[in-house]
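Asks: This structure is in structure tokens; I'll ask about it shortly.
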Amino acid sequence: MVLEIKKNIKYIVRRFNKQRQLWLLCIPIIIWVVIFAYVPMYGLLIAFVDYIPGMSIFDCNFVGLKHFKDFVFNPSFLQLLRNTLAMSLLSLTVGFVAPIIFALSINELPHKHFKKIIQTTSYLPHFISWVVAGSMIFMMLSNEGIVNDILMRLNLIAKPIPFLTKGKYYWVIYTLANIWKGIGWSAIIYLSAISGVDMELCEAGATDGMGRWGMIRHVIIPTILPTIVILWILGIGGILNAGFEQHLILGNASTQNYWDVIDTYSYRYGIQLGYYSIGTSVGLMKSVIGFALVYITNRFCRKHLGTSAF
């Protein structure tokens with residue numbers, strides 16, 4: 001054990017000496033991360049005390065895991081967990097696959113100028129704030145909106161569908177809104193990975209009579225698979241993050257049973273009601289569970305797929 005530790009230390013020192021110029025360049029970034037990412041972490045102690053604003057954390061009453069237990073045994077916990085997991089799983093399936101399909105489709109477009117136009121246009125929603133995006137969605141899905149108007153003109157419905165006041169539509173609206181807003185931006189990584197495909201493999205496939213679908217299936221997808229796996233691993237860590245601004249903007253009292261998630265609960269109790277200890281404990285619990293899921297998923301992918309994030 002001691003010999004292995006010494007060997008690891010020597011390896012680290014050797015790597016540092018070889019890359020010392022890069023480490024020197026990184027010093028300002030490291031200092032910034034320490035000051036703004038690690039120093040404030042002492043505030044996590046708020047989760048274990050009855051924090052009173054204005055008092056030192058160390059002068060507050062220590063309560064241990066009380067706030068964690070209160071959250072888990074809260075009557076609304078199961079509903080919060082259901083909503084969070086449902087929307088997160090939709091994002092990890094439909095929302096995750098959509099940018100991959102979009103990137104593959106753009107790559108197949110024959111005209112470069114048209115491809116650039118589509119690619120640039122798809123980025124634009126990413127730069128729109130959720131306030132503006134929410135207003136656009138309200139205009140489209142309201143009873144007098146364009147969606148109901150088109151459906152009624154086509155005689156597909158007799159009266160407007162209340163998309164925004166019926167909870168059963170909320171998860172679909174949330175998923176489609178996220179895809180629309182992020183599909184172009186997320187596709188950038190996959191397009192970059194596709195650009196690294198070995199052209200000799202494509203030429204060999206074309207020589208063997210492989211069609212476009214065969215090229216995608218047997219050449220392009222296996223090449224970008226490591227990128228897909230790494231992004232999926234990182235996505236698993238955010239399985240308890242099911243959005244926040246979207247729900248405050250798109251949600252209402254009629255659909256609260258479907259949009260109220262762990263993050264909105266944390267905001268409501270931690271910020272609006274001033275129970276900072278509850279908000280901190282919920283955030284800490286999410287982070288610990290997310291880290292554990294990333295670690296487990298990473299080990300699984302390394303063992304069975306040969307690809308890992310770390």
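The values are calculated or read from the model by the stated rules, or taken from the named source; none is laboratory data. What you are looking at is a predicted structure, and each value in this text was computed from that prediction instead of being measured. All Cβ positions, even for glycine, are placed from backbone atoms using ideal geometry, and neighbour counts span all protein chains on display. Just the protein is used for accessible areas: all its heavy atoms, side chains included, with ligands, DNA and RNA removed. Shrake-Rupley method; radii C 1.70, N 1.55, O 1.52, S 1.80 Å.
Asks: Provide the per residue accessible area, probe 1.4 Å, for segment 1-158, rounded to a whole number of square angstrom.
Replies: Per residue, segment 1-158 has an accessible area of 74 Å².
Asks: OK, next. Give the relative contact order (percent, whole number) for the chain; include only Cα pairs under 8 Å separated by 6+ residues.
Replies: 25
Asks: A follow-up question, please. Over segment 170-310, what percent of the accessible surface lies on carbon and sulfur atoms, probe 1.4 Å?
Replies: Roughly 63 percent, rounded to a whole number.
Asks: Under a Cβ-only charge scheme (Lys and Arg +1, Asp and Glu -1), can you give me the dipole magnitude of the chain about the Cα centre, in debye to the nearest 20?
Replies: Rounded to the nearest 20 debye, it is 760 debye.
Asks: A follow-up question, please. How many angstrom lie between the Cα centre of segment 231-310 and the Cα centre of segment 14-50?
Replies: Cα centres, segment 231-310 to segment 14-50: 23 Å.
Asks: Quick check on the chain: helices-only [θ] at 222 nm, where DSSP H runs of length 4 and up contribute -39,500 (n - 2.57) each and the sum goes over total residues. Nearest 500, please.
Replies: The helix-only estimate for the chain comes to -21000 deg cm²/dmol at 222 nm.
Asks: Taking amide H positions as placed 1.01 Å from N in the peptide plane, with prolines and chain starts having none, which residues 5 or more places from residue 197, or on another chain, fall under 5 Å of its amide H?
Replies: Residues meeting the criterion, in which the H sits 1.01 Å from N, do not exist here.
Asks: Report Rg(Cα)/(2.2 N^0.38 Å) for segment 79-229, keeping two decimals.
Replies: 1.31
Asks: Follow-up. Explain nothing, just the number: relative contact order of segment 249-309, from Cα pairs under 8 Å at least 6 residues apart, as a whole percent.
Replies: 16
Asks: Sticking with this one: Can you tell me the dipole magnitude for segment 1-101 around its Cα centre, using point charges on the Cβ only (Lys, Arg +1; Asp, Glu -1), in Debye to the nearest 20?
Replies: Here the size comes out at about 820 debye.
Asks: Computed from the coordinates I sent, P(r) over Cα pairs in 20 Å bins from 0, in percent equals one of (i) 36, 60, 4; (ii) 34, 51, 15, 0; (iii) 22, 49, 26, 3. Tell me the label.
Replies: (iii)
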